[in-house]
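Colleague: Got a structure for you, questions after.
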Number of protein chains: 2
Amino acid sequence: MAKSLSEHLTVSGPIKLADHDSRATTGFDGDKDDSAKSMTLLAEDLSEQQERLFANGQAETGSSRVLLLLQGMDTSGKGGIIRHAAGLVDPQGLSIYSFKKPTPEELEQDFLWRIEQRLPAPGKIGVFDRSQYEDVLIARVRQLAEPAELERRYDAINAFEKRFTDSGGVLIKCFLHITSDDQKERLAARLDDPTKHWKYNPGDIDERMLWDDYQRAYEIALERCSTEWAPWHLIPSGRKWYRNWAVAALLAEKLRGLNLEWPAADFDVATEKARLAGT
Amino acid sequence: MAKSLSEHLTVSGPIKLADHDSRATTGFDGDKDDSAKSMTLLAEDLSEQQERLFANGQAETGSSRVLLLLQGMDTSGKGGIIRHAAGLVDPQGLSIYSFKKPTPEELEQDFLWRIEQRLPAPGKIGVFDRSQYEDVLIARVRQLAEPAELERRYDAINAFEKRFTDSGGVLIKCFLHITSDDQKERLAARLDDPTKHWKYNPGDIDERMLWDDYQRAYEIALERCSTEWAPWHLIPSGRKWYRNWAVAALLAEKLRGLNLEWPAADFDVATEKARLAGT
């Protein structure tokens, strides 16, 4: 049996990010033009699958929910994926949340407290722009937590994610892989274009100076938290068209895997037709 | 000067809904095929305008926000508009909320308490699927409030909406106008199609039996609450393609009216280019 796209993109065990080509087009046979055609077909497929998911949520006939979790360095394309891949489905079925620096209230609680609150409801496709992983990424690089606390967090994340998937959740974790050169080019493009200045922050360069530390923190997080119930996918993101296609295709594949039926009527159809005819 | 689409669709003063053709195509010169082409152009326009709005929200350079408020009888197309008109923009810039029957907690507060909490933040396009108007519509038809309380609500809504528009909000109120026959046809289509059964609720017929009372309640609400700062638009919704086009075009028109500039850089571009080059 052919490997699924998810299997193609899953990483497990020790990983060296430098060995992965950011411009690979794993699982896609074609170029940018072909991807546009493929996206049109994917849009139809995703639209129907998402509506089935939503219908079951509304009808309370299932507890299925999907969470697309996006992590990656600045400019890797988290926002681009939300616009071009998640944007293919009915926005009523989406629940998008962008995690920023924790607030004082959030810092008073365990790091997963704020994550729990943003999990998608049954029938919804949640999208996390950053996530619980910031607490083992920036927290490690910037030493915002003690080593023992960092250690505790990997296991806590795995247990948390297991609880989510055990209760009807499908978790799709995507690491958007770019190289330092890819990022340099994209930051330069932002600086060159006044309509993109709002996306730029001088702090981006401070983070960029810690590139190697971040890559190492990602390698550890991907190794420690790629589990059977919630594997990590490495999405080569040097080519934007491939990145968007890959995440849209992965989402469609996972939705199809739920084999969702349309909810059956919880009323008598003939009776209702007669009632309607009488009005 | 030619009238804007908003002016074409605005209703004010006493109104008889029966005098309005649900299949009108006010302000649009063409048929369904032409509307598809127009939607493609509108999508580009909306996408850019929405990004400017979002950019100003992110950069904290403006307090502009937009709220698209949708009201109409069952099957009038609130969901269809969210999918086909609001769905044209980046979902990250949307904040969609569907108001249901108030919870016990909500009922303990003034009726506008729950509405206030769902207003869009600066930079966002909020979409209300039902709204504060339920409290003068179903509340009037089903006598859920005393006459004096209903009277109080129209003025309270006007004051509330003025506060929203005075603080940088643009409120686009759309009443999706269909006839009783339009609804009958659409409910029958839902009953005929097993993939649509989940959208049907026997309670829909109970509400339908009160059609005339609802029309009257709408007429009063539109008359009392079509103000200079937040006029009511009557969207002929007998033709789905026109309804979707009209709301998308209205949204684009209102966004363009904000004359939004891209936020200026709050950093020195040359300095940042040099910093980036040094990495």
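Colleague: In this structure, is residue B:123 within 24 Å of residue A:58 (Cα to Cα) and small (Gly, Ala, Ser)?
Modeller: no
Colleague: With (1) more than 16 Å from residue A:129 (Cβ to Cβ); (2) in a helix (DSSP H, G or I) as the list, and residue A:27 as the residue in question, which single condition is left unmet?
Modeller: So residue A:27 meets the others, but not (2).
Colleague: A further question on this structure: State the number of residues belonging to the stretch A:64-89 that are more than 8 Å from chain B (Cβ to nearest Cβ), under 14 Å from the mean Cα position of the chain (by Cα) and open to solvent by 30 Å² or more (accessible area, probe 1.4 Å).
Modeller: Residues flagged as more than 8 Å from chain B (Cβ to nearest Cβ), under 14 Å from the mean Cα position of the chain (by Cα) and open to solvent by 30 Å² or more (accessible area, probe 1.4 Å) within the stretch A:64-89 amount to 2.
Colleague: Still on this model: Give all pairs with beta carbons closer than 8 Å in which a residue from the stretch A:222-236 that is more than 19 Å from residue A:21 (Cβ to Cβ) meets a residue that is open to solvent by 20 Å² or more (accessible area, probe 1.4 Å) and among the charged types (D, E, K, R); count only pairs at least 6 apart in sequence or on separate chains.
Modeller: A:227/A:162; A:229/A:162; A:229/A:166; A:230/A:162
Colleague: Out of (1) closer than 30 Å to residue B:57 by Cα; (2) open to solvent by less than 10 Å² (accessible area, probe 1.4 Å), what's the single condition that is false for residue A:240?
Modeller: In the conditions (1) closer than 30 Å to residue B:57 by Cα; (2) open to solvent by less than 10 Å² (accessible area, probe 1.4 Å), residue A:240 misses (2) alone.
Colleague: From the set of residues in the stretch A:7-46 that are of a type in the set (Ser, Thr, Tyr) and open to solvent by 60 Å² or more (accessible area, probe 1.4 Å), which is nearest to residue A:232 (Cα to Cα)?
Modeller: Selected residue: A:12.
Colleague: Could you tell me how many of the residues in the stretch A:174-194 are open to solvent by less than 10 Å² (accessible area, probe 1.4 Å) and within 14 Å of another protein chain (Cβ to nearest Cβ)?
Modeller: Counting residues in the stretch A:174-194 that are open to solvent by less than 10 Å² (accessible area, probe 1.4 Å) and within 14 Å of another protein chain (Cβ to nearest Cβ) gives 3.
Colleague: Let me ask something else about it. Give the number of residues within the stretch A:52-63 that are among the hydrophobic types (A, V, I, L, M, F, W, C) and open to solvent by 30 Å² or more (accessible area, probe 1.4 Å).
Modeller: Total satisfying the criteria: 2.
Colleague: Give me the helices (runs of 4 or more DSSP H) completely within the stretch A:90-173, filtered to those with at least 1 residues that are out of contact with any strand residue (DSSP E or B) (no Cβ under 9 Å at 6 or more places or on another chain), buried (at least 19 other Cβ atoms within 10 Å of the Cβ) and away from chain B (no Cβ under 14 Å), ordered by residue number.
Modeller: Details: elements: A:104-107, A:113-116, A:138-141, A:147-166.
Filter on the stretch A:90-173 gives A:138-141, A:147-166.
Colleague: Please tell me if residue A:49 is open to solvent by 30 Å² or more (accessible area, probe 1.4 Å), within 14 Å of another protein chain (Cβ to nearest Cβ) and in contact with a Lys or Arg (Cβ under 9 Å, 6 or more places away or on another chain).
Modeller: Numbers: open to solvent by 30 Å² or more (accessible area, probe 1.4 Å): no; within 14 Å of another protein chain (Cβ to nearest Cβ): yes; in contact with a Lys or Arg (Cβ under 9 Å, 6 or more places away or on another chain): yes.
It is false that residue A:49 is open to solvent by 30 Å² or more (accessible area, probe 1.4 Å), within 14 Å of another protein chain (Cβ to nearest Cβ) and in contact with a Lys or Arg (Cβ under 9 Å, 6 or more places away or on another chain).
Colleague: Note down all Cβ pairs under 6 Å where the first residue falls in the stretch B:8-22 and is under 10 Å from residue B:177 (Cα atoms), the second is assigned to a loop (DSSP other than H, G, I, E, B), and they're at least six residues apart or on different chains.
Modeller: Here the result reads B:22/B:178; B:22/B:179; B:22/B:238, each pair linking the stretch B:8-22 to a residue that is assigned to a loop (DSSP other than H, G, I, E, B).
Colleague: Okay, moving on. Which condition number in (1) facing another protein chain (nearest Cβ under 10 Å); (2) in a loop (DSSP other than H, G, I, E, B); (3) in contact with a Lys or Arg (Cβ under 8 Å, 6 or more places away or on another chain) is the one that residue A:61 fails?
Modeller: (3)
The values are calculated or read from the model by the stated rules, or taken from the named source; none is laboratory data. Given the structure is predicted, the values throughout are model-derived calculations rather than measurements. Don't worry about glycine lacking a Cβ; one is built from the backbone with ideal geometry, like all the others, and counts go over all protein chains shown. Ligands, DNA and RNA are stripped out before the accessible areas are found, and what is left, the full protein with its side chains, is counted by its heavy atoms. Shrake-Rupley method; radii C 1.70, N 1.55, O 1.52, S 1.80 Å.
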